[in-house]
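The values are calculated or read from the model by the stated rules, or taken from the named source; none is laboratory data. These figures come from a predicted structure and were not determined experimentally. We place every Cβ from the backbone using ideal geometry, glycine too, and count neighbours over all the protein chains shown. Side chains included, ligands, DNA and RNA excluded: accessible areas come from the protein's heavy atoms. Shrake-Rupley method; radii C 1.70, N 1.55, O 1.52, S 1.80 Å.
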Amino acid sequence: MESVIDRMRVAPGDRVRLGSIATDDTFGWEKKAALRDLEKIKARLDLLQHRMFAEDRRSVLLVLQAMDAAGKDGTIRSILSGLNPAGVSVAPFGVPGGPEAEHDYLWRVHAQAPSKGRIVVFNRSHYEDVLVVRVKALAPKRVWARRYEHIREFEDLLSDEGTTVVKCFLHVSKEVQRERLQERIDDPEKRWKFRHGDLDDRALWPAYTRAYAEALSLTSTPHAPWYVVPADRNWVRNVAVARILLHHLERLDPQLPDPEEGIEGLVVE
Ligand code: ADP
């Protein structure tokens, strides 16, 4: 399994070419067996998260970024559903408003970073500040071009202070995005998710692809690696992200605190 995770990981300094990375890879997995594995992975995630919570020293930040309809929400629901809500939370990042817009772009992000013992999932993140901001020219190049360095330093800081930073780009094809957006339009249960702006963003697909490729290339570091996760099939995407998260929690190897002396063997009357 290591090798699949290695395949998805962007090595520091690599120049990512998204066009040559498959969006429909299955890694040779068979759906039924993979979904059975997913349950085991989730049980293991739950155990390790419980230990990390008890250890109360370190934390995990999982960043999810993707084009529209790649399945950030579905991934979150799938991989976090078995975990103890006390130790896990999700932080979504939309268009900055109010005090967010009055501060530097990392201000609101740092405030949502996980506290000790917790897992936080970012649904979008500070990467929007080198993605949408770049593609839609919401800031001049001289402003966003310096952000890659800020981001590397910021994530180094988090890592030095005990937060494992893991970043997944859910890699979907333009055709599958088309199908999913169409489904959102056609299915009344999903229609609320659709915005006219989704079509504007879709028209900017090549510019977003370039911006993503550059962001992944410039900010995948040993302490905060990017993974490119094939996202055309929901089940592959979910299993892959769960495995990546588990890999990092296993490496963390959180330890239960020592109990008070003299507890073992006590009998409660
Ligand atoms: P999602 O599409 O993730 O389900 P929303 O529909 O609320 O959630 O979309 C969030 C929107 O906020 C996206 O269009 C995204 O590009 C935008 N956004 C997030 N961060 C920023 C930012 N820093 N600057 C401008 N727009 C941003």
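Before moving on, here are some points about what is shown:
- Pairing residues of segment 139-153 that are in contact (Cβ under 8 Å) with a residue 60 or more places away in the chain with residues that are crowded, with 16+ Cβ neighbours inside 10 Å and among the β-branched types (Val, Ile, Thr), at Cβ distances under 7 Å and at least 6 apart in sequence or on separate chains, gives TYR148/VAL130; TYR148/THR219; ILE151/THR219; ARG152/THR219; ARG152/THR221.
- Residue check, LEU61 more than 16 Å from the ligand (Cβ to nearest atom) and assigned to a strand (DSSP E or B): yes
- Qualifying residue in segment 103-110 (condition: without any contact (Cβ under 8 Å) to a residue 12 or more places away in the chain, assigned to a helix (DSSP H, G or I), within 12 Å of the ligand (Cβ to nearest atom) and over 30 Å from GLU250 (Cβ atoms)): yes
- Out of TYR227, TYR212, sole residue that is crowded, with 16+ Cβ neighbours inside 10 Å, within 13 Å of the ligand (Cβ to nearest atom), touching a residue at least 24 places away in the same chain (Cβ under 8 Å) and under 16 Å from the mean Cα position of the chain (by Cα): TYR212
- Single condition TRP205 does not satisfy, out of (1) closer than 22 Å to THR23 by Cα; (2) within 11 Å of the ligand (Cβ to nearest atom); (3) out of contact with any Pro (no Cβ under 9 Å at 6 or more places or on another chain): (2)
- Any hit, segment 65-72, residues being part of a helix (DSSP H, G or I), farther than 25 Å from LYS193 by Cα and not β-branched (Val, Ile, Thr): no
- Matching residues, segment 85-102, being assigned to a loop (DSSP other than H, G, I, E, B) and either modelled with pLDDT under 95 or under 18 Å from the mean Cα position of the chain (by Cα) (or both): PHE93, GLY94
- Of the residues making up segment 10-20, those that are under 26 Å from GLU175 (Cβ atoms) and open to solvent by less than 70 Å² (accessible area, probe 1.4 Å) are VAL10, VAL16, LEU18.
- Qualifying residue in segment 47-63 (condition: without any contact (Cβ under 8 Å) to a residue 60 or more places away in the chain, among the hydrophobic types (A, V, I, L, M, F, W, C) and open to solvent by less than 50 Å² (accessible area, probe 1.4 Å)): no
- Flag if GLY74 is in contact (Cβ under 8 Å) with a residue 40 or more places away in the chain, open to solvent by 20 Å² or more (accessible area, probe 1.4 Å) and within 19 Å of the chain's Cα centre (by Cα): yes
- Pick from segment 116-163, criterion in a helix (DSSP H, G or I), among the hydroxyl-bearing types (Ser, Thr, Tyr) and within 16 Å of the ligand (Cβ to nearest atom), ranking: surrounded by the most Cβ atoms within 10 Å (Cβ to Cβ): TYR127
- Taking residues in segment 248-263 that are exposed (fewer than 11 other Cβ atoms within 10 Å of the Cβ), and partners anywhere that are among the polar types (S, T, N, Q) and at pLDDT 95 or above, the pairs with Cβ atoms closer than 9 Å and at least 6 places apart or on different chains are ARG251/THR164.
- From GLU175, GLU183, GLU189, residue being in a helix (DSSP H, G or I), away from the ligand (no atom under 14 Å from the Cβ) and loosely packed, with under 12 Cβ neighbours inside 10 Å: GLU175
- Flag if PRO85 is touching a strand residue (DSSP E or B) at 6+ places or on another chain (Cβ under 8 Å) and without any contact (Cβ under 8 Å) to a residue 40 or more places away in the chain: no
- Among the residues making up segment 110-150, those that are under 30 Å from ALA86 (Cα atoms) and among the basic types (Lys, Arg) are LYS116, ARG118, ARG124.
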